[in-house]
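K.L.:
Here it is, the structure, as structure tokens.
The values are calculated or read from the model by the stated rules, or taken from the named source; none is laboratory data. All of these numbers come straight from a predicted model, not from anything done at the bench. Cβ sites come from the backbone with ideal geometry, for glycine too, and all protein chains shown count toward neighbours. The protein model used for the area step is the full one, side chains on, heavy atoms only, and it has no ligands, DNA or RNA in it. Shrake-Rupley method; radii C 1.70, N 1.55, O 1.52, S 1.80 Å.
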Amino acid sequence: MADLSDSLRRLIAMQGPIPLALYMAQANAHYYSTRDPLGAGGDFITAPEISQMFGEMVGVWIADVWRRAGSPARVIYAEPGPGRGTLARDALRVAARFGLVPEVHFIEGSPELRRAQAAAFPQAVWHEDLSTLPDDAPILLVANEFLDALPVRQLVKTPQGWRERMVGLDGDRFVPVSGGLPMDSAVPQAWREAEAGAIVETSPAAGAVMGEIGARLAAQGGAALIIDYGYAPRQMGSTFQALRAHAHVDPFKAPGEADLTCLVDFVTAAQVAQVQGARVMGIAGQGGWLMALGMAERAAALARAAPDQAKEVEAAYHRLTAPDHMGVLFKVLGLAGREWPDGAGFGPAAPVS
């Protein structure tokens, strides 16, 4: 495979600086198509890989919503970016105890990860994107750490006004630069007078995904969980980062060799789905949501069943729920079709306008 850095350098040399979103899209497409990035030997670890408890709580949630919706006979379980299939394995094992045995559909473009998923779910159906999912049955969709890897557009305030943040070259090095076209109209009115250097992030790709999810929930019925690290309410500033071997590295060095991500704007994600007809249950911190589902009780039961593993169970519980770990930074957005019930773990739905 051609070296991605050389390809991007040639592209920039021919046409000038490229949008950060294009740089991120090209880098992550190469990254995910050439490796399994998960686990201790990879670049990062996700919640389902930390403990089976995470997937089990998801399974309890989807089964509970499904049963209170009348237990429809045919239902679709859809998961964008399912990693090795660990979350689906744990969630659907628990869901089956309540009678929920859905069709399994994965949205995955990586050949490497598809092979891992097929080992756990040989009966699954794979899709390149959400558009080819079945549309003739309710959908239970779970997206865990999916939106954060989608391309993000950044706008930066310069002395001349707002401009798109681009990626150019300084010798052979990739560097962020400001574009030449005015972008003031793309910035929310309340932020337009910010000081020079201020940055606003938007993700058209995440918006498209959330629009599709919202439209499907409105048309098909069902429910969705969007779980990721992000912020609510909206905020300014760059969250663009790169992870390699479980450490933060320069995102402008060696594109395609590290995982590039940005924090998710949960308020905008909820708004987009709502505009398309979905009902917003709420946005909760991951820690509070997991505890509301009974994770403390599950951790205690696991520790009693395997006393020699009690310390590992407690460490995983703390990592997933504590405010100084994943409990606050990671958030859970709950969505539903109009006639479907609210799911557990969300208080009174907060306004997303």
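K.L.:
Apply 1/(1 + (r/R0)^6) to the Cβ-Cβ distance of Leu169 and Ala219, taking R0 = 45 Å, and write down the FRET efficiency to the nearest 0.05. Show your work: numbers first, answer last.
P.N.:
Values: r = 46 Å, r/R0 = 1.02.
After rounding to 0.05, the efficiency reads 0.45.
K.L.:
Also, quick follow-up: Using a Förster radius of 22 Å, what is the FRET efficiency between Arg338 and Val275 based on their Cβ-Cβ separation? Nearest 0.05, please. The partial results should precede the final answer.
P.N.:
On the way: r = 14 Å, r/R0 = 0.62.
E between Arg338 and Val275, to the nearest 0.05, is 0.95.
K.L.:
Restricting the count to DSSP beta bridges whose residues both fall in the chain, what percent are antiparallel, rounded to a multiple of 5? Walk me through the numbers on the way to the answer.
P.N.:
On the way: 36 of 56 bridges.
Given both bridge residues lie in the chain, the antiparallel proportion sits at roughly 65 percent.
K.L.:
On C-alpha positions alone, give me the angle between the axis of helix 4-15 and the longest principal axis of the chain, in degrees, nearest 10.
P.N.:
That works out to roughly 40 degrees.
K.L.:
Would you mind getting the accessible area per residue of the range 202-272, heavy atoms of the protein chains only, 1.4 Å probe, in Å²?
P.N.:
34 Å²
K.L.:
Now for a separate question. Decide, for the range 209-353, between rounded, prolate and oblate: order the square roots of the alpha carbon gyration tensor eigenvalues as a ≥ b ≥ c, take rounded if a/c falls under 1.5, and otherwise choose prolate if a/b is larger than b/c, else oblate. Don't jump to the answer; show the numbers that get you there.
P.N.:
Details: a/c = 2.17, a/b = 1.12, b/c = 1.94.
Oblate shape, in that a/c is at least 1.5 and b/c is the bigger or equal ratio.
K.L.:
I've got another one for you. With label points built 7 Å along Cα→Cβ from the Cα atoms of Leu181 and Arg9, find their separation and express it in nm.
P.N.:
Placing both labels 7 Å along Cα→Cβ, they lie 2.8 nm apart.
K.L.:
If I take every Cα pair under 8 Å that is 6 or more residues apart in the chain, average their sequence separation and divide by the length, what percent do I get for the relative contact order? Don't jump to the answer; show the numbers that get you there.
P.N.:
On the way: 707 pairs, mean separation 70.4, N = 353.
Across the chain, relative contact order equals 20 percent.
K.L.:
Let me ask something else. Which of the three applies to the chain, rounded, prolate or oblate, going by the alpha-carbon gyration tensor with a ≥ b ≥ c and a/c under 1.5 meaning rounded?
P.N.:
The shape class here is prolate.
K.L.:
Next up: Please give the direction-averaged projected area of the C-alpha convex hull for the range 177-220, in square nanometres with one decimal.
P.N.:
The Cα convex hull of the range 177-220, projected and averaged over all directions, gives 4.5 nm².
K.L.:
Would you mind calculating the gained length between Ala306 and Trp126 on full extension (0.36 nm times residue separation, minus the Cα-Cα distance), in nm to one decimal?
P.N.:
In short, 61.2 nm is gained.
K.L.:
Calculate, for the range 46-167, the solvent-accessible area per residue in square angstrom, rolling a 1.4 angstrom probe over the heavy atoms of the protein chains.
P.N.:
Ligands and nucleic acids excluded, the figure is 36 Å² per residue.
K.L.:
May I ask you to give the percent of accessible area on the chain that is carbon plus sulfur, with a probe radius of 1.4 Å?
P.N.:
Looking at the chain in its full context, I get 55 percent from C and S.
K.L.:
Taking Cα pairs under 8 Å and at least six residues apart, what relative contact order does the range 89-197 come out at, in percent?
P.N.:
About 16 percent, as a whole number.
K.L.:
What length, rounded to one decimal in nm, is gained on full extension from Asp135 through to Ala247, with 0.36 nm per residue of separation minus their alpha-carbon distance?
P.N.:
Working: separation 112, 0.36 × 112 = 40.32 nm, distance 4.06 nm.
Full extension from Asp135 to Ala247 adds 36.3 nm.
K.L.:
Given Cα pairs under 8 Å that are at least 6 residues apart, what percent is the relative contact order of the range 134-284?
P.N.:
29 percent
K.L.:
Before rounding to the nearest 500, sum -39500 (n - 2.57) across all DSSP H runs of length at least 4 in the chain and divide by the residue total; then give [θ] at 222 nm in deg cm²/dmol.
P.N.:
Mean residue ellipticity at 222 nm (helix-derived): -11000 deg cm²/dmol.
K.L.:
Can I ask one more? Label Arg68 and Glu314 with points 7 Å out from Cα along Cα→Cβ: what is the distance between them in nm?
P.N.:
In this crude label model, Arg68 to Glu314 measures out at 3.3 nm.
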